[in-house]
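Below is one structure, written out as structure tokens; comments come after it.
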Amino acid sequence: MDVTKYIKQHLKSGRHHLSRKLSIGPTMQPKDQPLIFLHVPKTAGTTMRSIIERQYPAANTYYVYDGAGCFHTTSDLKTLTEDEKKKILVYAGHVSYGVHNVIARPSSYYAMLRDPVDRVISYYHHIMNHNPSFKANRMSLMKFFERKDKQLDNHQTRIVSGVRAPFKGCSEDLLWAAIDNINSDFCTIGITEMFDQSLLLLSQVLGWKSFKYERKNVSADRPLREYFSKGEINMIRNSNRLDEMLYSYAKRQIEQQLRETGAKFGDAKELRTASGALGPHADINVKEAGQH
């Protein structure tokens, strides 16, 4: 499906309105403006967090992961004083769009999105292997869906829209809200399957000169799509129709941004070499990648 064409058709019908044009391009973010990284589970967010940790002093970062123990909670975030907020340059964690209302400062968002089928499979695999309740009593994906876990149901759209919809409660309005948020309040957007290219774009926005990273929290033995039945894959797709459209839209945005900023990164061949040849242990120097 040409998601951009689909969106434009709906806008023409007058049923929906976006606050900004469909096409976005990365622009340099003021250094004193906080970045809010929405860590969508199973989208390489842990790797992204490790990159952030290398770019900013610990005193200027604030991580929110409810229930994780070693991180701050949403309740902690709400108790920050104005002086404490002034020191923070990056907020990151399992949070949804809307954090800027708590920060009460001009800020911008960033998130990595992932192909919904692969994300759900990865989440299912993670739970089956790391949740004590399932280690000795594994269940099929079909059975797992009966638990009505919101992670299995358009959860990326739920996070980016900022709407806390219940399981199977995501309407198409959430998709429009998520797209509107990306266009108006995100400095750019990332795609897990285009991780290195996404980082190059983000580096342009944030002024990063170089960054080293090692892929974190990667499940080497995660089953491929072929392991699951056609019925299981269709069940994932049917439960994540909005996520598929949001993902397709974000991917188109990145591809367009890469074309528009190609001159700043150097020629296309150089960009593909810099981003596509990187393995599990990546070392990217933005200048060497062609940015001038």
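For the reader, a short list of remarks on this structure follows.
- Taking Cβ atoms as reference points and 12 Å as the exclusive limit, the residues near LYS86 contribute a net charge of -1, counting Lys and Arg as +1 and Asp and Glu as -1.
- Subset of LYS150/LYS251; LYS230/LYS251; LYS42/LYS251; LYS31/LYS251 violating a 21 Å alpha-carbon distance limit: LYS150/LYS251; LYS230/LYS251; LYS31/LYS251
- Annotation: amide H-H contacts under 5 Å for VAL95 (H modelled 1.01 Å from N, sequence separation of 5 or more, or interchain): HIS39.
Each value in this text was obtained by applying a stated rule to the coordinates, not by laboratory testing. Since this is a predicted model, take the numbers as computed values, not measurements. Positions of Cβ are generated from backbone atoms using ideal geometry, with glycine treated the same way; all protein chains shown enter the neighbour counts.
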